[in-house]
There are 2 protein chains.
Amino acid sequence: MPETPRRAVGISANRYGNRPTMKDVAARAGVGLKTVSRVVNGEPGVTPETERRVQEAIDALGFRRNDSARVLRKGRTATVGLVLEDLADPFYGPLSRAVEEVARAHGALLINGSSAEDPDREQELALALCARRVDGLVVIPAGDDHRYLEPEIRAGVATVFVDRPAGRIDADCVLSDNFGGAREGVAHLVAHGHRRIGFIGDMPRIHTAAERLRGYRAAMEDAGIAVEDAWTSLGATDPWRVRRAAEQMLSGPSPVTAVFSGNNRVTVTVIRVLAEQSRAVALVAFDDLELADLLQPGVTVVAQDAAAIGRTAADRLFRQLGGTQIAPERIELPTRLITRGSGELPPAD
Amino acid sequence: MPETPRRAVGISANRYGNRPTMKDVAARAGVGLKTVSRVVNGEPGVTPETERRVQEAIDALGFRRNDSARVLRKGRTATVGLVLEDLADPFYGPLSRAVEEVARAHGALLINGSSAEDPDREQELALALCARRVDGLVVIPAGDDHRYLEPEIRAGVATVFVDRPAGRIDADCVLSDNFGGAREGVAHLVAHGHRRIGFIGDMPRIHTAAERLRGYRAAMEDAGIAVEDAWTSLGATDPWRVRRAAEQMLSGPSPVTAVFSGNNRVTVTVIRVLAEQSRAVALVAFDDLELADLLQPGVTVVAQDAAAIGRTAADRLFRQLGGTQIAPERIELPTRLITRGSGELPPAD
DNA sequence: CTGAAAGCGCTTACAG
DNA sequence: CTGAAAGCGCTTACAG
């Protein structure tokens, strides 16, 4: 009776689809394991002849070093995690790309995850990344309590929060000047003669939404205008909710003559509603949009630089990983008012 | 003389910033390693009392399982890689998010990388992902030779190509019907009376660009129109190049009366150029744009469903990982013509 | 119900 | 210049 074959000859059986290992390469080249390791990692101290034999075995077997074993010994994974809200949102694409580029410059890869604005999912994702021992974590918070990350940070996971500050822990964060940007945008409308100005924003528990609302209120107060309740609306950014909010403040006995839109998703719907109005309504929008200058009128915006935010956060992350102890810092990046027409329309009445 | 302390008491020194391991938990709980493993993984066969003691030790030490060690034994990383062109491009955000969602449903995380349309960088990235032993790889090709992935695929890395087919290897791919979509779009212009129709596309070595040009030519031939050299322009999608191409075909003795734009980046510039023209020029554009319906006229587009493409590719990837042997397949997803005005303008002359 | 031993594929620290 | 042994933090396959 023939023996049952247990494994392919010369290749140790394993779960990576029968991949050759350094051991297989060593056996084939007739050298020790460490010599293979030296060749694979380009370490000195190998004769050209030995190196040639090892390289030949590597090529013949199609060997590729298993970095996940390497990582286990070395302790650093050269991987950073990015927890954001939704990769499909045009704001996060450039941000993510910027983080990726900085990571790449440091030889690291980027694991992306979307929280879908759900605090539980944010936590689940962030901790899953920590379990994979990412070296660092860039988090765009969905929740407002990040104490769950304390043990991880203490254990050495570099962490930077972006777009919104961390909740209940002291950590680096990189933000846009949401308050200042909104204040400037609303002041711009005031300067063009508006007094009844509406504000449509995201859910109030989101830091950026709250800050922008605060900027709106500050600008109104600066102008000595008492804000009526009907002028502000915060909530989900789905088209239905935003449309309803916009239509309400544009109707009634004393409708608003201008709208400040709190973010890019809100803006898209607001523009649609304004296009349906019989009279011209001024608009200044937080976040820039592609094609914003081609609409009629062009959309005046308070622009954030998503790439700069991502770059700044990633730089900060790798500085933490660089080993120098640095105290947590709050870095605020300026916004930029871009006038294109919609924010310079005079009041219709 | 006091002894030099070598390590913190009770915690084994290691490179993960002194993280507790299962061994530490076992020691503290006074149980064996395997019992800790059972509790951590929710395996049965542990008395409630033992479980409590272990859990207490876990909490006290702030233990979190090192998945990267786990992976080394189990053989699957529950990680998939996505190599795309540029995460900042609005086409890839939704695509990436869709891949992420499918991965998440299978308990896997997603590592993203941008090739920046550079074949060398694509290869470097894809192989780096393989070295980390991703279970599967979704690749949007930048290069046209993917034989470098053959050993990886043979070793069991599930692979699906997206948006463009693999070069020189037989592998799954998920594409839009670029040929059919472009042909339909151009036929639409012909149906509205145009005969001198320009085509501005991406670099000819990119599969989608070539296919869309082929669709353009087919539609023109269907209509019995001989295409003049001056009507087609392929190349980089930077604004300067596209502007120049558009202006050239719109000038001279017999300018085009309609333009077919080959992708979203081209379209952005073409719209700007057309807006500057004194006469109306018809436009049909490949790829939808966020505010396309709000421009005047609205932009008629041949839309791809980026999310559906990503979802289809990821489904296919996990089917490969499911173990059933399936022959490589080429899946082509239909495009959708959305008429909004710009494609229905009659010829200006 | 519980745990000691071996091993995943590498690197580290040594010794020759 | 080269390699055997130990170990990274887990899981697997057993044995009690």
Please list the non-local residues whose amide H lies under 5 Å from the amide H of residue B:198, H modeled 1.01 Å from N, same-chain partners needing a gap of 5 or more.
-> B:257, B:258, B:259, B:260
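Cα gyration tensor of the protein assembly as shown, axes a ≥ b ≥ c as square roots of the eigenvalues: rounded (a/c below 1.5), prolate (a/b > b/c) or oblate? Provide the component values of the computation, followed by the final result.
Values: a/c = 2.44, a/b = 1.32, b/c = 1.84.
Judged from the Cα gyration tensor, the protein assembly as shown comes out oblate (a/c at least 1.5, b/c at or above a/b).
How would B:208, A:267, B:324 line up from fewest to most surrounding beta-carbon atoms within 10 angstrom? Don't skip to the end; give the middle numbers.
Working: B:208 22, A:267 26, B:324 7.
Ordered by Cβ neighbours within 10 Å, fewest first: B:324, B:208, A:267.
Please arrange B:96, A:115, B:278, B:37 by counting, for each residue, the other beta carbons lying within 10 Å of its beta carbon, fewest first. Mind dumping the intermediate values first?
Details: B:96 26, A:115 22, B:278 5, B:37 16.
Fewest to most other Cβ atoms nearby, the residues stand as B:278, B:37, A:115, B:96.
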Please name which of A:159, A:68, B:273 has its Cα lying farthest along the dipole of the protein assembly as shown towards the positive end, using unit charges on Cβ (Lys, Arg +1; Asp, Glu -1) and the Cα centre as origin.
-> A:68
Classify the stretch A:24-182: rounded, prolate or oblate, from the alpha-carbon gyration tensor (a ≥ b ≥ c, eigenvalue square roots; a/c under 1.5 rounded; otherwise prolate if a/b is larger than b/c)?
-> prolate
In peptide B:122-129, what is the residue-averaged number of other protein chain Cβ atoms found within 10 Å of each Cβ?
-> 1
Using a label point 7 angstrom from Cα along Cα-to-C-beta, what distances in nm, from shortest up, separate residue B:336 from the other copies?
-> 3.6
Amide H within-cut-off set for residue A:132, under 5 Å, with H built and near neighbours excluded = B:67
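Give me the dipole magnitude in Debye, nearest 20, for the protein assembly as shown about the Cα centre, with unit charges on the beta carbon: positive for Lys and Arg, negative for Asp and Glu.
Working: 88 positive and 94 negative charges, 605 e Å.
About 2900 debye.
Assign unit charges at the C-beta atoms only (+1 for Lys and Arg, -1 for Asp and Glu), then state the dipole size of the stretch A:219-349 relative to its Cα centre in Debye, rounded to the nearest 20.
Values: 12 positive and 17 negative charges, 80 e Å.
It comes to approximately 380 debye.
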Does a label point 7 Å from the Cα of residue B:337, set along Cα-to-beta-carbon, have any residues of the stretch B:201-216 with amide nitrogen under 15 Å, and which are they?
-> B:215-216
Quick one: dipole size for chain B, taken about the Cα centre, charges +1 on Lys/Arg Cβ and -1 on Asp/Glu Cβ, in debye to the nearest 20.
-> 1660 debye
Distances from residue A:277 to the same residue in each other copy, label points 7 Å out along Cα→Cβ, in nm, shortest first?
-> 3.3
Going toward the positive end of the dipole of the protein assembly as shown, with +1 on Lys and Arg Cβ and -1 on Asp and Glu Cβ, which of B:199, A:173, A:204 do you reach last?
-> A:173
Scalar couplings 3J(HN,Hα) for the stretch A:55-62 by Karplus 6.51 cos²θ - 1.76 cosθ + 1.60 (θ = phi - 60°), nearest whole Hz, x for Gly and Pro, are 4, 4, 5, 4, 5, 5, 8, x
Please say if the stretch B:157-248 is rounded, prolate or oblate, where rounded means a/c under 1.5 for a ≥ b ≥ c the square roots of the C-alpha gyration tensor eigenvalues, and otherwise the choice is prolate for a/b larger than b/c and oblate otherwise?
-> oblate
Relative contact order computed over the stretch B:129-226 (Cα-Cα under 8 Å; 6+ residues apart), in percent | 24 percent
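Counting helices only, and only those DSSP H runs with n ≥ 4, report the 222 nm mean residue ellipticity of chain B as the sum of -39,500 (n - 2.57) divided by its residues, in deg cm²/dmol to the nearest 500. Kindly include the intermediate steps, with their values, before the conclusion.
On the way: 12 runs with 140 residues, N = 349.
Calculated at 222 nm, the ellipticity per residue is -12500 deg cm²/dmol.
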Can you check what the net charge comes to around residue B:233, using other residues whose Cβ is under 9 Å from the Cβ of residue B:233 (Lys, Arg +1; Asp, Glu -1)?
-> +2
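How many partner chain Cβ atoms sit within 10 Å of a residue's Cβ in peptide A:65-75, on average, as a whole number?
5
A short reminder: the numbers here are calculations on the coordinates, not readings from a lab. Given the structure is predicted, the values throughout are model-derived calculations rather than measurements. Neighbour counts run over all protein chains shown; Cβ positions are idealised from the backbone, glycine included.
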